[in-house]
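A.B. asks: I have a structure here, written as structure tokens, and I will follow up with some questions on it.
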Amino acid sequence: MIIGLDVGGTHTDVVLFGQEGLIKEIKVPTDPADLFQSILHSLDEITSGVRFAEIRRVVLSTTLATNAIVQGQIPPVGMIVSAGPGLDPELFRTNPHYFTVSGAIDHRGREIRPLVENEIRGIAEVLKKEEIRHVGVVGKFSVRNPAHEVTIQNLLAGSFERIFTGHRIAGQLNFNRRIATAYLNTATYPIHRTFFQAVNRSLTEKGLNVPIYILKADGGTMSLESSMEFPGQTILSGPAASVIGSVAFAPADADTLVMDIGGTTTDIAVIRNRVPQLHPFGARIGGHRTLIRSLETRSIGIGGDSVVRIEGGNIRVGPERISAALAYGGTHPTPTDALFVLGKMNGGDRHKSLQGYQALAAGSGTDPEELARQVFEHACRGILAEANSLVDRINSRPVYTLQEIQEGNRIRPAHLLVMGGPASYFAEQIGKMVDFTVQVVPRCQVANAIGAALARTTCEVTLFADTEIGTVLAPEEDFEQKVGKGYTDQDALRTAAELLKKKARQMGAVMPELEIEVLERQQFNMVRGFVTTGKNIRVRVQVKPGLIMDCETVAARLAN
Amino acid sequence: MLKAKNRTGLVFFPAFDWAISPTHPEREERLLYTQDQVLEEGLFDIDGIVEFKPDTVSVTDIQRVHFCVPDVWSVATESHFISAGGAKTIGMAVLDGEVDRGFALVRPPGHHAMRVVHGSRGFCNINIEAVMIEFLRKAYGIDRVAVVDTDCHHGDGTQDIYWNDPDTLFISIHQDGRTLYPGSGFINEQGGPNALGTTVNIPLPPFTSEEGFLYVTENVVLPILADFKPDLVVNSAGQDNHYSDPITNMNFSAQGYAKLTEMLQPDIAVLEGGYSIEGALPYVNVGIILAMAGIDFSRVTEPDYDRLRIRQGAEVTRTIEKIAGVVLGNWRQREERREPLRRKAGIEERTRSVFYDTDGIRETQTEINRLCRDCAGAWQIASISDRGHRILAIHIPRKACNSCAQQGYDWFEAADTTAFPLVCLQDRTLNQFNQKKGSA
Ligand SMILES: [Zn+2]
Ligand SMILES: [Zn+2]
């Protein structure tokens, strides 16, 4: 049995998933002031009457890091950045203790300017005086040659509790995102460590000695141990959890839209052939653009509780939530009230909803039922427009080869999965507006917790070889080897696959056979003065997001 | 968060799977390090810098400019369609107001491609700027366009295309044709009789450095642009004037290119040549992008940049000042000099030979221009290549007068398809391309 737990902003959802399917599900209000207790209480509840020996693992998705970043409640840390030619690194300042130092590496990983060790020692003294215990170290082009970052790390070692280096984050080139990501890892580390060590301790004391996994923004899991190296990756795991929870119901060979309709917002994602689409660079959070692998999602301020207004004769839904629906004792009319007025929903005070819509319709000559119908259609149209714009954005993403242009590979949604509180009503209406099939995700009230429970361990490896210089390098893995002129992209692919398997195992992957996907494979002849002097090879592989079990099996177990 | 002063659009299409030949300068690797630098600098994350996916152009777009022999697909590959398409995408984004300016970082380049195309010259088959400009004229009704070509090689293709067009100002700054391919672009090349003066060549001596380029930009290019008052300024942004370029002899730099861009303020820049792929292009391109966006570029320098080492000599400076004076003088007298030529009326004929160095084709052209006071004048080119192709290319200009339009059709009707198995009429007033073929 597996426990999946997702701490959301308002609710904490927990499921117990076993051979027979969903064994137990619980939804409790989240206490934002005490996420720790929210987790422990719900784990107590879900495991009551269950033999601990049968539980194989616990997967946790929390808003801990997200909240800390968005609310700015992160401790002071040190950042040491070396840049070289280009934009002024001061532009990428993340925090007060941000130091730019000498030293530069170029695009092929060659040293342009050396580090000045005394400069680093001086900064270390300043940071120590300020009682800073955690430091992030980032260099431009460090993924092409991490030597400067490593030297700085060694110079600081012993004086600080933990040092995070940029080249370990991701193989992709993007200096400012590398800085932001290193900063977020460094800054969320103490919070993350304290919190999850406490969770771990409590579970052990309780007698629940199972591996703990943490959900990431890309909808994959990592072991608790790995999460200590990359705590920033735990951000935005909630929306990812819901998407993973719906994957089993997506067709195996088509593009699917996923809409998670909440009270305040609707989150939209795209699934292609049961694989959620990832953002090309990484998540954006609290004003930071990062290299944190994350799903490509859109959020729009239209939900069941969005406030409805008439402005200049036009309907406006959202973007904010002021109160619950009138039918549930709220103060402002909402799309949910529209459903009450239309007699589709019940179990609340329809009279209040009707009064609200009468007031909205006053003087317009429209009767409240007609207005309710229009409001609901308007809300659905708004969500659909946002989904189309997400698809457009994915389809207009630039490509850099003739082959990719010729292949096209456009996303063409053929199926829509809807989840969230009023999912069935929205599904019905949106179904009338589109020419693809529409389905409400089974068990969608806890799809997020199911997604957490069943998510597989994901990871990525970037490999870069330059046979003129004679090196092959996977910066994230601290892997570097000498290679000869005969090294090819075939060899690179093999090395990358091995590194990926090793990494996946270290992060806690349990699948007997890993499915490896090649994201990028390029080989360039390097020509200097009409003579071929070497090859420049770039390879990127991943274990893509998905489920630890076969989708048909999961769908069958959840459908009953 | 970093924000661009000018909303700037970029098309980046490095064609990582296309080369003229494996070790040719125009090969897959050319923009690899530029891409690395642009990505590492995070330029696409800057607020106000937008990356667009390149569109492709149509055969119609190409036939608005070129006469391809024997047909478009025989001289252009998919890569040329996308390279020109990248320029077109940027042009549309600018004219639609989606961005204030744009830069098409595409390959292959285009500025050596002329009106008649038998093959590849100077790595160019399709003139991507001209295809873009003529599309924009058709789709957006813009009229006066200035092309400032800052590639180290003379932009002889663009010059040829706009030779007779008084509404297109073509200014080329390049290394003196006596010392570099294609061996043209001298001060006395100033356009055909109907457009005398709107072709402006500024040949610079070898080893011209930042000061020289910026001097002619400030003292020749900007004043001429101010007089001409174009609706659109296009920069053919070749980068082979760089001190590290392997096939040229100039001493320009990333800082220099960025400053030139800042002074020129082009609406659209299109990449042309530039073959110092590691030492120059990554820095020059970042410099140009930042300059277009209005962001501080003062720290964008090559690792081995040394301003003093590349400074130009006093002799070079004197030569440049002299050239600048002559060019500006010619420009100021253009109206007086054009008038008597056009008054002559009738026909002007010239014969010349064109060499396609990349493909090794030799072409002989006989060009006939109708001298006209009312429009740019109809013209025809009788072209014969040593591959045995014979074409008669007839052009009716965009704003042709009735007589010139009639002349074009008369030529077309009268053409003998046994002498010229391919006869083409490019009627820009109706946006039509007509052909008749002989059985030969
Ligand atoms: Zn050139
Ligand atoms: Zn005329």
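A.B. asks: Mind pulling the angle between the C-alpha long axis of helix A:368-395 and the longest principal axis of chain A? Nearest 10 degrees, somewhere in 0 to 90.
C.D. replies: It is inclined by approximately 20 degrees.
A.B. asks: Tell me, what is the percent relative contact order of the range A:459-498, built from C-alpha pairs under 8 Å that lie six or more residues apart? Working shown, then result.
C.D. replies: On the way: 44 pairs, mean separation 13.8, N = 40.
Relative contact order, the range A:459-498: 35 percent.
A.B. asks: Additional query: Based on alpha-carbon centroids, what's the gap between the range B:64-130 and the range B:170-214 in Å, whole number please?
C.D. replies: Distance between centres, Cα-based: 22 Å.
A.B. asks: Modelled label-to-label distance, A:Lys502 and A:Phe52, 7 Å Cα→beta-carbon offset: nm?
C.D. replies: Modelled inter-label distance: 3.5 nm.
A.B. asks: What is the mean projected area of the alpha carbon convex hull for the range B:3-335, to one decimal in square nanometres?
C.D. replies: Working: hull surface 60.6 nm².
Result: 15.1 nm².
A.B. asks: Further question: Where the centre of each part is set by its Cα atoms, how far does the range A:249-313 sit from the range B:1-32, in angstrom?
C.D. replies: Rounded to whole Å, the Cα centres lie 31 Å apart.
A.B. asks: According to a simple spin-label model (label point 7 Å from Cα along Cα-to-Cβ), what is the distance in nm between B:Arg318 and A:Asn154?
C.D. replies: 5.7 nm
A.B. asks: So what is the calculated 222 nm ellipticity per residue for chain B, using -39500 (n - 2.57) for each DSSP H run with n of 4 or more, over all residues, to the nearest 500 deg cm²/dmol?
C.D. replies: Result for chain B, helices only: -9000 deg cm²/dmol.
A.B. asks: Quick one: Debye curve from the alpha-carbon atoms of the protein assembly as shown only, equal weights, vacuum; give me log10 I(q)/I(0) at q = 0.05, 0.07, 0.08 Å⁻¹ to two decimals.
C.D. replies: -0.38, -0.71, -0.89
A.B. asks: Something else about it: Based on DSSP H runs of at least 4 residues, each adding -39500 (n - 2.57), what is the mean residue ellipticity at 222 nm of chain A after dividing by all its residues, to the nearest 500 deg cm²/dmol?
C.D. replies: Rounded to the nearest 500, the figure is -10500 deg cm²/dmol.
A.B. asks: Continuing with this model, one more query. Once each part is reduced to its C-alpha centroid, what is the distance from the range B:389-409 to the range A:1-64 in angstrom?
C.D. replies: Their Cα centres are 79 Å away from one another.
A.B. asks: Going 7 Å from the Cα of B:Arg332 in the Cα-to-Cβ direction, what parts of the range B:195-235 have a backbone nitrogen less than 13 Å from that spot?
C.D. replies: Correct set: B:220, B:223-224.
A.B. asks: Between A:Arg193 and B:Leu222, how high is the FRET efficiency from 1/(1 + (r/R0)^6) when r is the Cβ-Cβ distance and R₀ = 56 Å? Nearest 0.05. Let's see the in-between values first.
C.D. replies: Values: r = 60 Å, r/R0 = 1.08.
Approximately 0.40, to the nearest 0.05.
A.B. asks: Given A:Ala362, A:Gln490, A:Gly220, which one lies farthest toward the positive end of the charge dipole of chain A, if we put +1 on the Cβ of every Lys and Arg and -1 on the Cβ of every Asp and Glu?
C.D. replies: Comparing the listed Cα positions along the dipole, A:Gln490 ranks first.
A.B. asks: Continuing with this model, one more query. What is the diffusion coefficient of chain A in µm²/s, taking the Kirkwood radius over Cα pairs and the Stokes-Einstein relation at 4 °C with a viscosity of 1.567 mPa s?
C.D. replies: 51 µm²/s
A.B. asks: Assuming 1.306 mPa s and 10 °C, estimate D for the range A:460-543 with Stokes-Einstein, Rh taken as the Kirkwood radius over Cα pairs, in µm²/s.
C.D. replies: Numbers: Rh = 13.3 Å.
Diffusion coefficient, whole number: 120 µm²/s.
A.B. asks: Using the 10 angstrom Cβ neighbour count as an exposure proxy, how do A:Ser246, A:Ser159 rank, fewest first?
C.D. replies: Details: A:Ser246 27, A:Ser159 15.
Ordered from fewest to most neighbouring Cβ atoms within 10 Å, A:Ser246, A:Ser159 come out as A:Ser159, A:Ser246.
A.B. asks: Here are some pairs, A:Lys216/B:Lys53; A:Lys544/B:Lys53; B:Lys53/B:Lys88; B:Lys138/B:Lys399; A:Lys27/A:Lys352; A:Lys502/A:Lys544; which of them have Cα atoms lying more than 20 Å apart in this structure? Please list the in-between numbers first.
C.D. replies: Details: A:Lys216/B:Lys53 30 Å; A:Lys544/B:Lys53 25 Å; B:Lys53/B:Lys88 11 Å; B:Lys138/B:Lys399 12 Å; A:Lys27/A:Lys352 27 Å; A:Lys502/A:Lys544 15 Å.
From A:Lys216/B:Lys53; A:Lys544/B:Lys53; B:Lys53/B:Lys88; B:Lys138/B:Lys399; A:Lys27/A:Lys352; A:Lys502/A:Lys544, over 20 Å: A:Lys216/B:Lys53; A:Lys544/B:Lys53; A:Lys27/A:Lys352.
A.B. asks: Mind giving me the nanometre distance, one decimal, between the label points for A:Gln445 and B:Asp374, set 7 Å out from Cα along Cα→Cβ?
C.D. replies: Result for the modelled spin labels: 8.3 nm.
A.B. asks: Considering only DSSP beta bridges with both partners in the range B:3-335, what is the antiparallel share in %, to the nearest 5?
C.D. replies: Once the DSSP bridges in the range B:3-335 are tallied, antiparallel ones form about 5 percent.
A.B. asks: Using only Cα atoms, find the angle between the long axis of helix B:334-343 and the longest principal axis of chain B, and express it within 0 to 90 degrees, rounded to the nearest 10.
C.D. replies: Between the helix axis and the principal axis of chain B, the angle is about 10 degrees.
A.B. asks: Further, regarding this structure: Quick check: the angle from helix A:489-506's long axis to the longest principal axis of chain A, C-alpha only, nearest 10 degrees?
C.D. replies: Orientation of helix A:489-506: about 60 degrees from the principal axis.
A.B. asks: I've got another one for you. Cysteines of the protein assembly as shown lacking any other cysteine beta carbon under 4.7 Å?
C.D. replies: Among the cysteines of the protein assembly as shown, those whose Cβ sits 4.7 Å or more from every other are A:Cys380, A:Cys444, A:Cys459, A:Cys551, B:Cys68, B:Cys124, B:Cys152, B:Cys372, B:Cys404, B:Cys424.
A.B. asks: At a 10 angstrom cut-off on C-beta neighbours, averaged per residue, how do the peptides B:14-26, B:327-339, A:539-551, B:155-167 rank from highest to lowest?
C.D. replies: B:155-167, A:539-551, B:14-26, B:327-339
A.B. asks: Stretch A:Val126-A:Arg410 to full length: gain in nm at 0.36 nm per residue minus the Cα-Cα span?
C.D. replies: 97.0 nm
Read the figures in this text as sums done on the coordinates, not as results from a lab. Predicted model only: the values in this text are computed from it and were never measured. Don't worry about glycine lacking a Cβ; one is built from the backbone with ideal geometry, like all the others, and counts go over all protein chains shown.
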